[in-house]
Every structure is written in C-alpha cells, then in structure tokens.
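Below: one structure, written as structure tokens.
The values are calculated or read from the model by the stated rules, or taken from the named source; none is laboratory data. Please read all numbers here as calculations on a predicted model, not as lab measurements. When we count neighbours, we look across all protein chains shown, and the Cβ atoms used for this are built from the backbone with ideal geometry, even at glycine.
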Amino acid sequence: MSQSDSDGEALTAKPIEPSAPEEFGLVQVWWGNGKGKTTAAMGMGMRAAGHGYRVHLLQFMKGGTQSVEDIRGEYNAIAALPGYTYENLGHYGWHHGQLNDDEHAGKAQAGLERANEIIDGAADADLSTPFDPDSDPESGVHMLILDELIYAANRELLSQDAVLELIETKPDSLELVLTGGHESPDFLTEHADLISNVSLVKHPFDEGTTGRKGTEF
C-alpha cells in the first residue's frame, strides 16, 4: 500500500534488502528525566533496519513489573522487522526495594559481558558489508543499542570505567547508542559524539496515571 506526500506524489515502501551503512561509527547518549529515551533509540533502530542494516538492542534493567506486562509491544514490533533483534538481560523489577543489589548487579554484569561479546564480534566482522538479517548479533551488527545502561552505571551496578572501556574497544564503524539515567552522565561527555537530554516538562504520571499499553509498554 502506498502513501502520498503533500504534493500528491506516491510514496511507495521498497522491499528491505541487506545493506551496509557508509557513515556509521558515532557514540550516542540519550539521558534525562523525560519520557522518550528508549523510544528514540528504538526509532533509530527501526530506521536503520529499514535501510537493511543489522541492528541489535540489548536492554539493561527493563522488563515486566507489577504494572507492566511481561511482553512489551516493542518486542513484537522489533521481531517483525528483518535485521532487528533484541535481548533483555535486566532483572524484572526496577532497582529499588524488590530485589537485593547483588541480584541486580549480577544481571547488569551479565548484560555488560554480552555487550562486549557483540562488540568483539563487530570488531572481527567487516562492517562495510551487509549481514544476513537472521544472523546472530555476535556475528556482526552495524548498530548496537544498550538501553538503560546509563541507569545501571548511575546506580553503581556497573562501573563507569567498564562503560568507558566498552566505548573505547568498539570498532570505528559501529554505531553505539547508550540510553538511561536522570543524572547528567558527565563521565561520557568526552567520549560521545551526540548527547541528548530528554527533559521532563509535564507527565501524566504526576497525576496518578500509570503506564499505558501502547505508549509506555
């Protein structure tokens, strides 16, 4: 089905064919107390996958809670896109009250180890070539999204030095996207190419509205 632009010209989606980016390689950081950090990162992943690039999303500290279903809408959407995959290595429940710090830290550490596996795989791969959309992420990806990684670092579940080492070891052509955190990640300022502060102006949570299916999960 085609759509039309403002001039009435047909806008027809093209089949997605495996391809490789020509200008990837930056480090992006999305932080702040406003809604939309994960959404923005996932949206970039969708855009990249739409061009045929291989994208992987690795989530820290995000999952089902008492108010959020185990299966989030974004997982279903990602699974429907060729070349876009995800993993959730965070513990169900946020980092306050529900579980002890050791359990959360263990999950965060497992996520960091997995991120390093994928980065090592990208370093061994030729990122100037297309990848099979069904390939394992450790065989090479063009974009790696580490969602909520900064929250884990802010809560000292992971060390800042470990995050910096991860950035320093990434291959030049890998686009690396980090999200999370309400506090300014100053330790990343000299190591990131793009830093966006998603600022809260108003949120329905302040009036007692809970997370809504289709917007928050």
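Does any residue of region 178-185 turn out to be touching a Phe, Trp or Tyr at 6+ places or on another chain (Cβ under 8 Å), farther than 19 Å from residue 33 by Cα and not hydrophobic (A, V, I, L, M, F, W, C)?
Checking region 178-185: not a single residue is touching a Phe, Trp or Tyr at 6+ places or on another chain (Cβ under 8 Å), farther than 19 Å from residue 33 by Cα and not hydrophobic (A, V, I, L, M, F, W, C).
Listed here are the residues, each with its yes/no results for (1) surrounded by fewer than 17 Cβ atoms within 10 Å (Cβ to Cβ); (2) closer than 21 Å to residue 158 by Cβ; (3) out of contact with any Gly (no Cβ under 8 Å at 6 or more places or on another chain).
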site: 172; (1), (2), (3): yes, no, no
site: 188; (1), (2), (3): no, yes, yes
site: 204; (1), (2), (3): yes, no, yes
site: 212; (1), (2), (3): yes, no, yes
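Mind checking which residues of region 113-135 are under 17 Å from the mean Cα position of the chain (by Cα) and either in a loop (DSSP other than H, G, I, E, B) or in contact (Cβ under 8 Å) with a residue 24 or more places away in the chain (or both)?
Answer for region 113-135, where residues must be under 17 Å from the mean Cα position of the chain (by Cα) and either in a loop (DSSP other than H, G, I, E, B) or in contact (Cβ under 8 Å) with a residue 24 or more places away in the chain (or both): 114, 115, 116, 118, 119, 122.
In region 164-182, what count of residues is obtained for those that are in contact with a helix residue (DSSP H, G or I) (Cβ under 9 Å, 6 or more places away or on another chain) and without any contact (Cβ under 8 Å) to a residue 40 or more places away in the chain? First the steps, then the outcome.
Step one: list which residues in region 164-182 are in contact with a helix residue (DSSP H, G or I) (Cβ under 9 Å, 6 or more places away or on another chain), which gives 164-167, 169-171, 173-182.
Those still in the list that are without any contact (Cβ under 8 Å) to a residue 40 or more places away in the chain too: 164-165.
Qualifying residue count for the region: 2.
Please specify each residue of region 189-204 satisfying the condition of being of a type in the set (A, V, I, L, M, F, W, C) and closer than 24 Å to residue 165 by Cβ.
Result: 192, 194, 195.
Please go through region 36-52 and pick out each residue that is closer than 14 Å to residue 142 by Cβ and free of Cβ contacts under 8 Å to residues at least 24 places away in the same chain.
Listed by number, the list holds a single entry, 47.
Residue 159: farther than 19 Å from residue 108 by Cβ and over 15 Å from the mean Cα position of the chain (by Cα), yes or no?
no
Does any residue of region 171-181 turn out to be within 27 Å of residue 54 (Cα to Cα), in a helix (DSSP H, G or I) and polar (S, T, N, Q)?
no
Within the bounds of region 136-145, is there any residue that is at pLDDT 95 or above, among the charged types (D, E, K, R) and either under 17 Å from the mean Cα position of the chain (by Cα) or closer than 30 Å to residue 50 by Cβ (or both)?
yes
Considering (1) more than 29 Å from residue 102 (Cβ to Cβ); (2) small (Gly, Ala, Ser); (3) touching a Lys or Arg at 6+ places or on another chain (Cβ under 9 Å); (4) crowded, with 18+ Cβ neighbours inside 10 Å, say which one residue 123 fails and leave the rest.
Among (1) more than 29 Å from residue 102 (Cβ to Cβ); (2) small (Gly, Ala, Ser); (3) touching a Lys or Arg at 6+ places or on another chain (Cβ under 9 Å); (4) crowded, with 18+ Cβ neighbours inside 10 Å, residue 123 violates only (4).
Could you check region 190-202 and list, in sequence order, the residues that are surrounded by 13 or more Cβ atoms within 10 Å (Cβ to Cβ) and assigned to a loop (DSSP other than H, G, I, E, B)?
191, 192, 198, 200, listed by residue number.
Please specify each residue of region 158-170 satisfying the condition of being more than 25 Å from residue 48 (Cα to Cα) and assigned to a loop (DSSP other than H, G, I, E, B).
158, 159
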